[in-house]
Structures are given as structure tokens and as C-alpha cells.
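Structure record follows, encoded as C-alpha cells.
Rule-based calculations on the coordinates, nothing more; no lab input. From a predicted model like this one, the values you see are computed outputs, not experimental measurements. Cβ placement follows ideal geometry from the backbone for every residue including glycine, while neighbour counts extend to all protein chains displayed.
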Amino acid sequence: MTVLLVDVANVLGSRPDGWWRDRAGATARLLDRFAALRTSTLDGPDGAPVVVTALVAVVEGQARDVESPAGIRLVRAAGSGDDALAATAGELADGDDDVLVVTADRGLRARLPAAARVTGPGWLLAAADSVTGQDQAP
């Protein structure tokens, strides 16, 4: 049982598709794509199955006011998204589920609890493509 904790700004920024022209709109579309993952069994980054029990997404800046799709818990960072991600990872790591953090940010990775596993945005985007049957940029 795994909780996915997503660094939304980092995932969004991983594909240069013009998201910067409408950060809130691009974030909402990305979250809609991820909603299908919240009760899925995915091929994990290491090839082992990942049973997703919850999806927590950290949003910041202009994307802070987006609506949350059903089943996704949004953490709206009041300041630094990295601070909110590190704090949320700490809270989640104290629970019974495994925590898989999705970010490519090396500085953030160093701040995560030892119990948290980490993977990059490419894995999550490919997983969303496989579940939704789509191959599109966020």
C-alpha cells in the first residue's frame, strides 16, 4: 500500500509544453490525469507492483487555488513548495503506508525522511499515460 506524494510544480516543469502561460490551468489538467491513479496498481519505478492507496499533491504559487479532483488530497503551500513537501513527507512517513515521492529536485530529495522512496516525474507521467490510455504532455 503506497501513498504517492507529488511535487506538482516539478512534474509540470518536466515537460516544456507551454505550461508557464497558464500555470493554474496546466496544473488542473495534470491533476485530472493523476486522479485515475489513486486506486491503481502500477508498475513501480523498480518494476515491482505499487498499489496506490492515496495521492497527495503539493501545489504552490499561481496553482495554489486550483480545485482538487475527487480523491486527491491537495496540500496548498503557503510559502515554499519544498518546505510543504518535506513536512508532508514527514507526516506521511509516520503512517502505515509506504510513501513514494515524485520529484526530480535533488535538494528536496535530501530533505525527505529516510523511509520515503523517491522517483522522478517521467515515471509518474508514464504511469498516468498507461492508466488513462493517453500519451500527452501535462
| Distant-in-sequence amide H partners of residue 40 (H built 1.01 Å from N, under 5 Å) | 52
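So what is the relative contact order of segment 2-132, in percent, for Cα pairs below 8 Å that sit 6 or more residues apart?
31 percent
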| field | Highest-first arrangement of 69-75, 25-31, where packing means the average Cβ count within 10 Å | value | 25-31, 69-75
| Can you name the helices of the chain, as whole DSSP H runs, whose Cα span along the helix axis is 15 Å or more and whose Kyte-Doolittle mean is not below 0.0? | 81-93, 121-132
| remark: Cα-based Rg and Dmax for the chain, in Å, come out at 13.6, 40
